[in-house]
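Here the structure is laid out as structure tokens; the discussion comes afterwards.
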Amino acid sequence: MFFKHFLKGFCTMDGIAPADSKAVLLYKLYKLLLQKYADLINEKEKRTIGEVKSLIDGSDLTIQSLVAGFKPEEYSFDQHFLIVAEKAFSFITKEIAFVKTDIRLSFWLTPKEIMEIKVADDEDQAVFFCSLLVALGDEKAEVVIAELEDLSTHAFVITEYQSQFFLWDPSQQHDFNAFSGFKENILAKYDFKGAKIKRFLYKFNNTDYEQFL
């Protein structure tokens, strides 16, 4: 609970800063405590490959509830997938604020926690969106953790649908079809804050996990 409150109110978020002196003091205290116990948190949050794959869960009740509100009653993967996926993508980019913590912590939020605080980092946003795609019947959707040219890491979602490659980054409010087409062209085109993809580190979904050396 403490950590979720820190994320919601006192993280470094684009366009958002502590609003008053009390908030600044709380931010400093929370940051100090998290830095002090970062190693313990990171150790507790370690995941096996199986546990990482299980993060993508289309059967999660929160995910299922959202999907039910997005898709038509007579939903067909072949006919409606992209239409409904766009609704899901728009929801995340508008309703789930992207935040990048300035403390080196490894953690994963559940869909329920994300909906409670309406805040997530790029990895949690990607896992959240990928779970929605899986719930819509997409068996090819994967979360990618990539190293960028500025040596930072960033997460996004890729899939293939009707012979077309798609890349979606919920942390950026880009057009739904901005990164769709031939895979090589899309990977060369994509960037996050000006930094292009250097290489994939690993990718996964609910059935597969692949690490790149």
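Coordinate-derived values only; no laboratory data. Note that the structure is a prediction, hence the values are computed from the model and not measured. Here the Cβ positions follow ideal geometry from the backbone for every residue, glycine too, while neighbour counts run over all protein chains shown.
Given R0 = 35 Å, the distance between the Cβ atoms of residue 193 and residue 79 translates into a calculated FRET efficiency of 0.45. The value of relative contact order for the stretch 44-164, using C-alpha pairs under 8 Å at least six residues apart, is 28 percent. Using a simple spin-label model with points 7 Å from Cα along the Cα→Cβ vector, what separation in nm is obtained for residue 68 and residue 173? Label-label distance for residue 68 and residue 173, simple model: 3.0 nm.
Taking amide H atoms as placed 1.01 Å from N in the peptide plane, the amide H of residue 161 lies under 5 Å from those of 166, each 5 or more residues away in sequence or on another chain.
Other residues with beta-carbon under 9 Å from the beta-carbon of residue 212 carry, at +1 per Lys or Arg and -1 per Asp or Glu, a net charge of +1. What FRET efficiency would be calculated for the residue pair residue 160, residue 24, taking the C-beta separation as r and a Förster radius of 45 Å, to the nearest 0.05? My answer for the efficiency is 0.45.
Modelled spin labels at residue 33 and residue 59, positioned 7 Å past Cα toward Cβ, are 3.7 nm from each other. Applying a DSSP loop filter and a limit of 12 other Cβ atoms within 10 Å to the trypsin sites (Lys or Arg not before Pro) in the stretch 151-208 leaves 193.
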